[in-house]
Amino acid sequence: MYFQDRYLTDEQRMMRDTTRRFVNHVVIPFIEQNRLREWEMDPLARLDANILEQADAAGLRGLGVPGHYGGIELDPGTQSQTLAVIATEIARGESGLADKLVQNWKISVLIGQFAPPHLQEYWFHRYLSEPQFLMAHCLTEPRGASDRWLPYNVPEVNMDTRAVLDGDVWIINGAKQFISNGYDASLYVVYANTDDAVGMQHGTSSFLVPRDTPGLRVTRCNETMGGRYMNNGEIVFDDVRVPADHLLVLGDALAQAGVYFRPGKVLVAAKSLGIGIAAYEETVKFVHARVQGGRPLIKHQAVASRLADMATRLEAVAALLRHAALAVDERSPEADVLCNMVKVFASHEIVAVCRNAMELHGGYGAMLEVGIEKYMRDALINLHSDGTTDVSNFKIVRAMFPDTAGVYAGSP
Ligand SMILES: Cc1cc2nc3c(=O)[nH]c(=O)nc-3n(C[C@H](O)[C@H](O)[C@H](O)COP(=O)(O)OP(=O)(O)OC[C@H]3O[C@@H](n4cnc5c(N)ncnc54)[C@H](O)[C@@H]3O)c2cc1C
């Protein structure tokens, strides 16, 4: 990739290279030697524990944790760009692993911004001393996520999960579904309605909920088509009681969560890009090695055309990704629009890249033992992540044309 290298700072280049060594020496060999392990029906038997330990040793778990708690402090002026470079690199090796780590980074940022110091000290200490420790961000409920992502700001679509203050304890009741790391997280950030009378923008609060709190039950691990090394789960909250200091944000938790909603979309795009680069790199090797019609595939014009198409899409995604991440780091007013644009653009372009990879691999593209079909499955998972394509497009138009755009929700 030409684009990516050109703009890296020394810090980013160093972190990219460290991540690349981890991916090349630990992650890719694990995947190549364990092609079918993602299909293990015990979710905890899929990813070798060693992988998160090695990620920890490479410094990839402390990102987002403030330096004075032992984390890796990134330059705030380039933080989203740096995280995007690192997430791309991890997803080049395994996108579910990238997802596991990205959730941790995002929630670390949130805890660092909103949790009281004694809880930061306790949780960051535990997080950094337990390599298998995961965190999860619980927004989606059985009733659906799109209204919440838009957001459709009327009381009728408030979170069904409710939190009520009883003395100095919050009591939480409800259910969350489709949650990344939801099956095996040790700590959850939970969004709940705390005021029925107002719309979700002012009536939604966020809470820290430790996994071992009585009444919290992880009810299942969802079997997904891709990203299978990240365990997606469902959680029920039945009179879950947390101390008052576990409240992170009262009322406008959704607006405050912008501190990671925006970088979150950049990181979905980065994960897509990593998958696309891996699919492209494998295809480059294949079209040089495979001979048909008396010559390597790359000598055939149609093959060359598809290869150029793949490379061009990757460069375009990388360019928009950097542009959007830069806007986030600069806190530019365009950041919202660009984050949604790159999330949508990357997810669609990378599906197209993976489709070409499958075409160029012929029958091998469909074989589980070869791994090309895995890129396609992993890429498809990102289409709806952090908001579906349509909902993200509504957000783009609403931000660009605030006076004339529609609400894009509710009765006609
Ligand atoms: C692998 C995976 C990981 C996930 N991780 C997390 C996580 O960590 N935390 C979390 O909280 N959630 C997570 N989710 C949930 C994800 O964000 C939602 O699935 C996604 O936002 C779509 O919401 P939904 O499934 O409820 O679909 P719905 O909201 O029911 O949407 C269904 C369809 O209707 C369309 N639609 C909805 N509203 C409108 C409208 N007003 N106008 C036109 N069309 C509309 C949508 O675009 C979509 O095509 C995850 C999901 C998956 C599969």
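The values are calculated or read from the model by the stated rules, or taken from the named source; none is laboratory data. It should be emphasised that the depicted structure is a prediction, and the values quoted were computed from it without experimental measurement. Note: ideal-geometry Cβ built from the backbone for every residue, glycine included; neighbour counts use all protein chains shown.
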Notebook entry, point to check: What number of residues in the range 173-204 are within 15 Å of the ligand (Cβ to nearest atom), assigned to a strand (DSSP E or B) and not charged (D, E, K, R)?
Noted result: 13
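Please list, ordered by residue number, the helices (runs of 4 or more DSSP H) wholly in the range 44-150 having 2 or more residues that are closer than 28 Å to ALA335 by Cα. Full working, then the answer.
Values: elements: 49-57, 79-93, 95-114, 117-129, 146-149.
So the answer is 79-93, 95-114, 146-149.
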Notebook entry, point to check: With respect to the numbered conditions (1) polar (S, T, N, Q); (2) modelled with pLDDT under 95; (3) surrounded by fewer than 16 Cβ atoms within 10 Å (Cβ to Cβ), which one is the sole condition not fulfilled by ASN153?
Noted result: (3)
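Please work out which residue is farthest from the ligand (Cβ to nearest atom), limiting yourself to the range 360-378 and to residues that are touching a Gly at 6+ places or on another chain (Cβ under 7 Å) and of a type outside the set (Lys, Arg). Give the derivation first.
First pass over the range 360-378, keeping only residues touching a Gly at 6+ places or on another chain (Cβ under 7 Å): 372-373, 377-378.
Restricting the remaining residues to those that are of a type outside the set (Lys, Arg) gives 372-373, 378.
Working: ILE372: 21, GLU373: 18, ASP378: 10 Å.
Restricting to residues being touching a Gly at 6+ places or on another chain (Cβ under 7 Å) and of a type outside the set (Lys, Arg), the top hit is ILE372.
Report yes if some residue within the range 319-334 is more than 27 Å from ASP5 (Cβ to Cβ) and touching a helix residue (DSSP H, G or I) at 6+ places or on another chain (Cβ under 9 Å); otherwise report no.
Here is the first cut: in the range 319-334, the residues more than 27 Å from ASP5 (Cβ to Cβ) are 333.
In the following step, the residues that additionally are touching a helix residue (DSSP H, G or I) at 6+ places or on another chain (Cβ under 9 Å) were identified as 333.
Yes; the residues of the range 319-334 include at least one that is more than 27 Å from ASP5 (Cβ to Cβ) and touching a helix residue (DSSP H, G or I) at 6+ places or on another chain (Cβ under 9 Å).
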Note to self: Condition (residue is within 16 Å of the ligand (Cβ to nearest atom), touching a His at 6+ places or on another chain (Cβ under 7 Å), of a type in the set (Val, Ile, Thr) and touching a residue at least 40 places away in the same chain (Cβ under 8 Å)) applied to the range 97-112: is it met by at least one residue?
What the structure shows: yes
Item checked: Neighbours by Cβ (under 6 Å, 6+ apart or cross-chain): first from the range 188-201, more than 18 Å from ALA409 (Cβ to Cβ); second within 16 Å of the ligand (Cβ to nearest atom) and aromatic (Phe, Trp, Tyr) -> VAL190/PHE207
Next item on the list: Could you check, for the range 267-284, whether at least one of its residues is more than 16 Å from the ligand (Cβ to nearest atom), crowded, with 23+ Cβ neighbours inside 10 Å and not assigned by TED's automatic domain parsing to the domain that holds THR312?
Entry: no
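Each row is one residue, and each column tells you yes or no for (1) crowded, with 23+ Cβ neighbours inside 10 Å; (2) within 24 Å of the chain's Cα centre (by Cα); (3) basic (Lys, Arg).
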site	(1), (2), (3)
PHE133	no, yes, no
HIS137	yes, yes, no
ARG162	no, no, yes
SER186	no, yes, no
VAL189	yes, yes, no
Item checked: Counted residues, the range 65-99 - those being at pLDDT below 95, of a type in the set (A, V, I, L, M, F, W, C) and in contact with a helix residue (DSSP H, G or I) (Cβ under 7 Å, 6 or more places away or on another chain) -> 1
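Yes or no, residue by residue, for (1) assigned to a helix (DSSP H, G or I); (2) buried (at least 16 other Cβ atoms within 10 Å of the Cβ); (3) among the aliphatic types (A, V, I, L, M):
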position	(1), (2), (3)
ARG306	yes, yes, no
GLU315	yes, no, no
ALA324	yes, yes, yes
VAL344	yes, yes, yes
ILE350	yes, yes, yes
CYS354	yes, yes, no
MET376	yes, yes, yes
ASP390	yes, no, no
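Out of the residues in the range 17-55 that are charged (D, E, K, R) and either touching a residue at least 24 places away in the same chain (Cβ under 8 Å) or in the same structural domain as ALA278 (by TED's automatic domain parsing) (or both), state the one that is surrounded by the fewest Cβ atoms within 10 Å (Cβ to Cβ). Explain how you work it out, then say what you get.
Pass one, the range 17-55, residues charged (D, E, K, R): 17, 20-21, 32, 35, 37-38, 40, 42, 46, 48, 53.
Going one step further and asking which of them are either touching a residue at least 24 places away in the same chain (Cβ under 8 Å) or in the same structural domain as ALA278 (by TED's automatic domain parsing) (or both), we end up with 20-21, 32, 35, 38, 46, 53.
Numbers: ARG20: 15, ARG21: 12, GLU32: 10, ARG35: 14, GLU38: 20, ARG46: 17, GLU53: 14.
Checking each candidate, the answer is GLU32.
Would you be able to tell me the number of residues in the range 139-152 that are in contact (Cβ under 8 Å) with a residue 24 or more places away in the chain and either of a type in the set (A, V, I, L, M) or within 6 Å of the ligand (Cβ to nearest atom) (or both)? Before you say what the answer is, go through the steps one by one.
At the first step, the residues of the range 139-152 found to be in contact (Cβ under 8 Å) with a residue 24 or more places away in the chain are 139-142, 145-152.
Restricting the remaining residues to those that are either of a type in the set (A, V, I, L, M) or within 6 Å of the ligand (Cβ to nearest atom) (or both) gives 139-140, 145-146, 149-150.
Final tally of qualifying residues: 6.
Scan the range 71-96 for residues that are hydrophobic (A, V, I, L, M, F, W, C) and either touching a strand residue (DSSP E or B) at 6+ places or on another chain (Cβ under 8 Å) or surrounded by fewer than 24 Cβ atoms within 10 Å (Cβ to Cβ) (or both) and jot them down. It would help to see each step written out before you state the result.
Applying the first criterion (hydrophobic (A, V, I, L, M, F, W, C)) to the range 71-96 yields 72, 74, 83-87, 90-91.
ILE72, LEU74, LEU83, ILE86 - these are the residues of the range 71-96 that are hydrophobic (A, V, I, L, M, F, W, C) and either touching a strand residue (DSSP E or B) at 6+ places or on another chain (Cβ under 8 Å) or surrounded by fewer than 24 Cβ atoms within 10 Å (Cβ to Cβ) (or both).
Name the residues in the range 238-283 that are outside any helix (DSSP H, G or I) and out of contact with any Phe, Trp or Tyr (no Cβ under 9 Å at 6 or more places or on another chain), would you?
Once the filter is applied, which keeps residues that are outside any helix (DSSP H, G or I) and out of contact with any Phe, Trp or Tyr (no Cβ under 9 Å at 6 or more places or on another chain), the range 238-283 yields ASP238, ASP239, LEU250, GLY251, ASP252.
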Next item on the list: Find the residue count for the range 385-412, including only residues that are modelled with pLDDT under 90 and more than 21 Å from THR140 (Cβ to Cβ).
Entry: 2
Next item on the list: Specify which of the listed residues (VAL218, VAL236, VAL240) is in contact with a Leu (Cβ under 6 Å, 6 or more places away or on another chain) and among the aliphatic types (A, V, I, L, M).
Entry: VAL240
Notebook entry, point to check: Are there any pairs, at least 6 apart or on different chains, whose C-beta atoms fall under 6 Å, with the first in the range 360-389 and hydrophobic (A, V, I, L, M, F, W, C) and the second surrounded by fewer than 17 Cβ atoms within 10 Å (Cβ to Cβ), and if so, which?
Noted result: VAL370/TYR364
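Sort through ARG228, ARG262 and tell me the only one that's assigned by TED's automatic domain parsing to the domain that holds LEU360, buried (at least 17 other Cβ atoms within 10 Å of the Cβ) and over 26 Å from THR312 (Cβ atoms). Show your work before the answer.
Numbers: ARG228 fails: assigned by TED's automatic domain parsing to the domain that holds LEU360.
Unique residue meeting the criteria: ARG262.
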Note to self: Name the single residue that is surrounded by the fewest Cβ atoms within 10 Å (Cβ to Cβ) among those in the range 392-412 being near the ligand (Cβ under 9 Å from one of its atoms) and among the aliphatic types (A, V, I, L, M).
What the structure shows: VAL407
